[in-house]
1. Non-local amide H neighbours of Val23 (under 5 Å, H modeled in plane, Pro and chain starts lacking H): which ones?
2. Suppose every K and R has +1 on its Cβ and every D and E has -1 on its Cβ; what is the size of the dipole of region 29-87 about the Cα centre, in Debye to the nearest 20?
3. Which length gain, in nm to one decimal place, applies between Thr47 and Tyr70 when the Cα-Cα distance is subtracted from 0.36 nm times their residue separation?
4. Please report, in Å, the Rg and the Dmax of region 4-130, where both are computed over Cα atoms only.
5. Can you compute 3J(HN,Hα) from phi for each residue in region 40-48, using the Karplus curve 6.51 cos²θ - 1.76 cosθ + 1.60 with θ = phi - 60°, rounded to whole Hz and x for Gly and Pro?
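Readers should treat all values here as calculations from the given coordinates under stated rules, not as data from a laboratory. Nothing here was measured: the structure is a model prediction, and the numbers come from that model. Glycine gets a Cβ as well: all are built from the backbone with ideal geometry, and neighbour counts include every protein chain shown.
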Amino acid sequence: MNSLLLKIKHNGLSMYPSLNSNVMINILLKPRNISVGDIVYYKDKETKLLISHRVISMSPFLIKGDRNLYVDSDISLDSILGIIVSNDKLYWGESGQTFKILIAYLSCYSQNHYPRIIRQISQALIYIFSRF
């Protein structure tokens, strides 16, 4: 199965600062593998919206926006359309870079059930590491 590259305009702020609104992104459709830290592109079952969020765990499979307080619910690997490999300024590659895994780890601590100070520190670190 060959992968295709699709270039589209990203909208929304749930992945800020990794992805700003109104930037062009490149999506690798039908990726061979998905790893923690990858930003995946999927279609929400309820709203039918196309969403870009980060994989924060593979077992169980969990994804969330870097700025969101909650993980996305009821997402399966089968619903993933592709992974985002680059935007106008940065190239992240297909999977596995250390900083993507670090941002996924920090994103886990920006969930609502953690104290506010922990969420704020994790968001500040995500902002810093997203600039590399």
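1. His10
2. Working: 8 positive and 7 negative charges, 32 e Å.
Roughly 160 debye for region 29-87.
3. On the way: separation 23, 0.36 × 23 = 8.28 nm, distance 1.69 nm.
Between Thr47 and Tyr70, full extension yields 6.6 nm more.
4. When restricted to the Cα atoms of region 4-130, Rg and Dmax are 13.4, 41 Å.
5. 9, 10, 9, 9, 5, 5, 7, 8, 6
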